[in-house]
Structure formats: C-alpha cells, structure tokens
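Visitor: Please find one structure pasted underneath; my questions will follow.
The values are calculated or read from the model by the stated rules, or taken from the named source; none is laboratory data. Because the structure is a prediction, the values reported are computed rather than measured. Don't worry about glycine lacking a Cβ; one is built from the backbone with ideal geometry, like all the others, and counts go over all protein chains shown.
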Amino acid sequence: MINFLVFIFLVLFPVSLQGSISTFYCLGCHEKHKEFNHGETTCLQCHDDIKSALHDNKLKKPSCSTCHNQTTEEYTKSIHNRKNLSCKDCHNVHFIKEGKHRCVECHKNVAHTSLPSKGKHLAALDCLACHGKSTKSEVLVNIDIGSKELMKEDLIDPDRNRFLSRSEWDNLQEILNKEYKDKHRIRKDYMVTASPHSVMKKPIPCNACHDEKGIFQQTRVKITGKRSSVFFSDPKIFIPELPSIEKYNLTVHGKKGIKCFDCHTSQERISDSVCMACHDNIYGVYKDTCSFQEGCSRMYRLPQPPSCKNI
C-alpha cells in the first residue's frame, strides 16, 4: 500500500534532481534497502546518473574509487585484486556493517606449514601482521601485580628516564618472581596496524620482525596494581633477534635451501632430535664421540664449532 501511494505521489508530483530526491523517496520503492547504511552516504552519491525519482531500471554501476581512491590504489596491488575479487565479494555496499570482515571467513583451516613456531605466532599475531603492509606497530606488555599491591617506581626504573633497559627489565623479573611470585600476571600483545586492502601473496620474511630494524620499534610496559605506571622499553627484549639471513644463506644449510621453518618447528631451542631428523645416518658415529655429551645443537651455536678432525 505504501509503495503504491509513493508511486502515485511521484507520478503526480515528479521530483527532479534539481529538486530534492531524498533517501525517503528511494526507499518508497526499494523497501529491501530500508535499513540501508553506508556511513553518511546517500543513494544519489553513488547512483549519480539518476535524474528523477522515476528512473530507468538499469543504472550504471557505481565506482567505489569515486570516494575510496586511496583504498582502491592499495587494492590494485593486492593478491585479492589479482585473483579478480571485487569490493562486493567482501563488502555489502548497502549494508556496510555486514559482509566478510575477517580473513577466516574465507580462509579456514590454513595449515601454515611454512611458519616457524606456528602455535606462538598464530596466538600472538593476526593475519595482517604477516600478510599486510604495516603502518603502525608496537609491543604492549601488561603486568598485573594485584589491585592491593604497590611497586615503587625507583625499583623499576632507577635512572628515572621512563625507559626500561634490558638490565632493568631483568631486574624487574627478579622482583616479580621474588616479591610477587604467585600474584603477578604478564600479558604481551604484539599490535600491528595494516590495511586489509593491501594483502600480499607472500608473508613478510622472518627478519622483518626479528631484526634490529624490525617493524616493531616501540614497547610500552604497563604495571597495574594499587597504582598504575607506564614505561617504554626496547622491543628486542621481547622479540628474539635472528642471525643475519644474508649470512645464513652462505652456510651449508643455507646453500642447500633449508628454510627457517624446516628446523624451527616450535618455540623451543633447537635440540639434537631436530638435527637427527635429517642427519640420522651419522648419529651412530656421533653418539660415541666426546662431543655427544655437549650436544650437536650446542656445538652449532659456538663461535668456532669443533672440527670433525678434533673429535
């Protein structure tokens, strides 16, 4: 009935573009879009070829780049664009809050077979941290010592510069383990801001984070108790630095194409069992040597690993 009355009104009193075509008139016919939401955008801002409320059935397809120029530029370089996915494959343009907003809605049960220490990385980082181009990142360390507890700042930051050096962080760990052993909780969050429209085919390399000039350039340490204190710190304390990838490529393993994830399958330090997964054929000889007591993985980490001639 409402649709019919709107139709009669438009026939008797046609509304031209020079007049005012409000969303009200559009929804008189297009009832399925009555909950339309696309920010503050109106129908005519996208459907700009409409000249009157009584318009042709076929309208030209609106271009998202008219408003979202920068986003469109980012998207043209992404793997999704190369796979011929359009905006509407993820976004419901008439109901922008709906649609697919999480990677797992399409990418379910991804194996991540090439990701070292898979469990730790997947728990600490979201998809865009590795598959997007970061614009901002930081490590957030939250230490809760209990609402009734108070820790003097002079003990945490003796030089009072609001920056925790590695030695000051180590000292803080000793205080927590001694004075607050069963009371404190530590939570580390690795925050990365990246555009979901710039998703790359290949993830960023390991040294993009595990390097002196990694993407994480700041750490905030917040200690919460009877009173809260915030300090800055060095991200390298919380992100283990890896040996130079360039130097690794010159080693025997590097030249043979062995990748990080071939050995670093967990967060645990490399053990002999990992080495033996590939070098099982020499284990029978190695186990009878004096170096067996030290472990081959330990020998590998020495500045000058022993020569086979000296074993």
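Visitor: Checking the conditions here, which among SER266, SER198 is in the same structural domain as GLU168 (by TED's automatic domain parsing) and within 30 Å of CYS103 (Cβ to Cβ)? Spell out the reasoning first.
Guide: On the way: SER266 fails: in the same structural domain as GLU168 (by TED's automatic domain parsing).
Answer to the check: SER198.
Yes/no matrix, rows are residues, columns are (1) out of contact with any Phe, Trp or Tyr (no Cβ under 6 Å at 6 or more places or on another chain); (2) not hydrophobic (A, V, I, L, M, F, W, C):
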residue	(1), (2)
ALA194	yes, no
PRO203	yes, yes
CYS206	yes, no
VAL221	no, no
SER229	yes, yes
PHE232	no, no
PRO235	no, yes
ILE245	yes, no
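Visitor: Same structure, new question: Exactly one of (1) surrounded by 12 or more Cβ atoms within 10 Å (Cβ to Cβ); (2) within 26 Å of the chain's Cα centre (by Cα); (3) more than 30 Å from SER229 (Cα to Cα) is unmet by HIS94. Its number?
Guide: Exception for HIS94: condition (2).
Visitor: Can you name every residue in the stretch 87-124 that is among the hydrophobic types (A, V, I, L, M, F, W, C) and within 21 Å of LYS259 (Cα to Cα)?
Guide: Residues of the stretch 87-124 among the hydrophobic types (A, V, I, L, M, F, W, C): 87, 90, 93, 95-96, 103-104, 106, 110-111, 115, 122-124.
Hits for the stretch 87-124 are VAL110, ALA111, LEU115, LEU122.
Visitor: Within the stretch 37-62, which residues are in contact with a helix residue (DSSP H, G or I) (Cβ under 7 Å, 6 or more places away or on another chain) and in a loop (DSSP other than H, G, I, E, B)? Please lay out each step first, then the result.
Guide: Taking the stretch 37-62 as the starting set, the residues that turn out to be in contact with a helix residue (DSSP H, G or I) (Cβ under 7 Å, 6 or more places away or on another chain) are 42-43, 50, 53-54, 62.
Residues satisfying the conditions are THR42, ILE50, ALA53, LEU54, PRO62.
Visitor: Continuing with this model, one more query. If a residue must be part of a loop (DSSP other than H, G, I, E, B) and either among the basic types (Lys, Arg) or surrounded by fewer than 16 Cβ atoms within 10 Å (Cβ to Cβ) (or both), how many such residues does the stretch 183-198 contain? Give the steps one after another, and end with the answer.
Guide: Quick first cut of the stretch 183-198, residues part of a loop (DSSP other than H, G, I, E, B) only: 183-184, 195.
Adding the requirement that they be either among the basic types (Lys, Arg) or surrounded by fewer than 16 Cβ atoms within 10 Å (Cβ to Cβ) (or both) leaves 183.
Residues meeting the conditions: 1.
Visitor: Hey, another quick one. Taking the stretch 149-182, which residues are of a type in the set (D, E, K, R), closer than 13 Å to ILE223 by Cα and surrounded by fewer than 17 Cβ atoms within 10 Å (Cβ to Cβ)? I'd like the intermediate steps shown before the answer.
Guide: Initially, the stretch 149-182 is screened for residues of a type in the set (D, E, K, R), giving 149, 152-154, 157, 159-160, 162, 166, 168, 170, 174, 178-179, 181-182.
When the remaining residues are screened for being closer than 13 Å to ILE223 by Cα, the result is 149, 152-153, 157, 162.
Answer for the stretch 149-182, where residues must be of a type in the set (D, E, K, R), closer than 13 Å to ILE223 by Cα and surrounded by fewer than 17 Cβ atoms within 10 Å (Cβ to Cβ): GLU149, LYS152, GLU153, ARG162.
Visitor: Another question about this same structure. Please find, within the stretch 20-74, the residue that is surrounded by the fewest Cβ atoms within 10 Å (Cβ to Cβ) out of those that are aliphatic (A, V, I, L, M) and farther than 30 Å from PRO196 by Cα. Write out each step before concluding.
Guide: Just the residues of the stretch 20-74 that are aliphatic (A, V, I, L, M), to begin with: 21, 27, 44, 50, 53-54, 59.
Checking which are farther than 30 Å from PRO196 by Cα leaves us with 21, 27, 50, 53-54.
Working: ILE21: 21, LEU27: 18, ILE50: 17, ALA53: 23, LEU54: 14.
Across the stretch 20-74, the extreme among qualifying residues is LEU54.
Visitor: Pick from the stretch 126-148 the residues that are out of contact with any strand residue (DSSP E or B) (no Cβ under 7 Å at 6 or more places or on another chain) and in a helix (DSSP H, G or I): which of them is surrounded by the most Cβ atoms within 10 Å (Cβ to Cβ)?
Guide: CYS130
Visitor: For HIS101, only one of the following conditions fails: (1) surrounded by 14 or more Cβ atoms within 10 Å (Cβ to Cβ); (2) assigned to a loop (DSSP other than H, G, I, E, B). What is its number?
Guide: (1)
Visitor: Check LYS120, LYS32, LYS83 and return the single one that is among the basic types (Lys, Arg), free of Cβ contacts under 8 Å to residues at least 40 places away in the same chain and out of contact with any His (no Cβ under 9 Å at 6 or more places or on another chain). Step through it out loud before you land on a result.
Guide: Numbers: LYS120 fails: free of Cβ contacts under 8 Å to residues at least 40 places away in the same chain; LYS32 fails: out of contact with any His (no Cβ under 9 Å at 6 or more places or on another chain).
Step by step, each of LYS120, LYS32, LYS83 is checked, and only LYS83 is among the basic types (Lys, Arg), free of Cβ contacts under 8 Å to residues at least 40 places away in the same chain and out of contact with any His (no Cβ under 9 Å at 6 or more places or on another chain).
Visitor: Within the stretch 129-136, does at least one residue satisfy the condition of being farther than 25 Å from LYS201 by Cα, assigned by TED's automatic domain parsing to the domain that holds PRO203, of a type outside the set (Val, Ile, Thr) and under 17 Å from the mean Cα position of the chain (by Cα)?
Guide: Taking the stretch 129-136 as the starting set, the residues that turn out to be farther than 25 Å from LYS201 by Cα are none.
No, there is no match, as no residue in the stretch 129-136 is farther than 25 Å from LYS201 by Cα, assigned by TED's automatic domain parsing to the domain that holds PRO203, of a type outside the set (Val, Ile, Thr) and under 17 Å from the mean Cα position of the chain (by Cα).
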